[in-house]
Amino acid sequence: MTDTPTPDPTASKSSSSTRTIVIAIIAVIVLAGGGFAAYKLTQSEETGAGPFKIAHEVRDAIADANTATIARLSTSDGKVALLKIKPNEVKGLVWGGCTQTFGAKSASKTCTWTRPGGQVVFILTAPDKKWVVDAATVGPAGLPPETPPSS
C-alpha cells in the first residue's frame, strides 16, 4: 500500500496570512500615495507676500514716488507701466480687491481700486513663485453718456 501524504493544515494558514499581509501593505502604499498626491495638489506654490500685500505696497510706493520699491515689486513691463502713474492718481482710492485674472494661462491676479471718476488696476503674476506687478492701468470708472450731435 502506498501512503498518500496528508495536507499540512499549517501550510494553508501560512499562505492565507502571507496574502493578507501583502494586501495590507499594498493598501497602505495606495493610501500613502493618494495622501501625497492630495497634498501636492493643494499646497501653495507661492512664497513671500501675497498679491493683496504686494498691490498695497506698490500703491503706497507710487504715492511716495519710491522707484526702488516699484522696481523690486514689478516685472520690467510692470515697472514701465507703474512709473507712468502719477502720485495724485492713487490718492483717495477705495480698495476693490484681488480676483483671479480671467483667461490667464498662468497664476495671475487682478487687483483694483476705484474712486469717483477713475480706477487703478494692477495685474500681478508669480513667475518665480513671488507675486509682482506685471501690468498697471489708470482709467475712468465709467464713461459719461455721449451727447447727440447738434444738427
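Computed quantities for the displayed model
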{"item": "Simple spin-label estimate for GLU89 and VAL121 in nanometres, 7 Å along Cα-Cβ", "result": "1.4 nm"}
{"item": "Net charge of Cβ neighbours under 11 Å - reference VAL138; Lys, Arg +1; Asp, Glu -1", "result": "+2"}
{"item": "Computed lengthening from ALA104 to LYS130, 0.36 nm per intervening residue step minus Cα-Cα distance", "result": "7.7 nm"}
{"item": "Solvent-accessible area per residue for segment 52-140 (1.4 angstrom probe, square angstrom)", "result": "56 Å²"}
{"item": "Gain on full stretching of the segment that runs from THR69 to ALA27 - 0.36 nm per residue minus C-alpha separation", "result": "9.9 nm"}
{"item": "Greater than 21 Å apart at Cα, pairs in LYS86/LYS109; LYS109/LYS129; LYS79/LYS129", "result": "LYS86/LYS109"}
{"item": "Low-density loop positions, chymotrypsin sites (Phe, Trp or Tyr not before Pro), segment 50-147 - DSSP coil, at most 10 other Cβ in 10 Å", "result": "PHE102"}
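The values are calculated or read from the model by the stated rules, or taken from the named source; none is laboratory data. Treat the numbers as computed from the prediction; the structure is a model and nothing was measured. Using ideal geometry, Cβ is built from the backbone for each residue, glycine included, and neighbour counts are taken over all protein chains shown. Areas reflect the complete protein model, heavy atoms only, side chains present, ligands, DNA and RNA absent. Shrake-Rupley method; radii C 1.70, N 1.55, O 1.52, S 1.80 Å.
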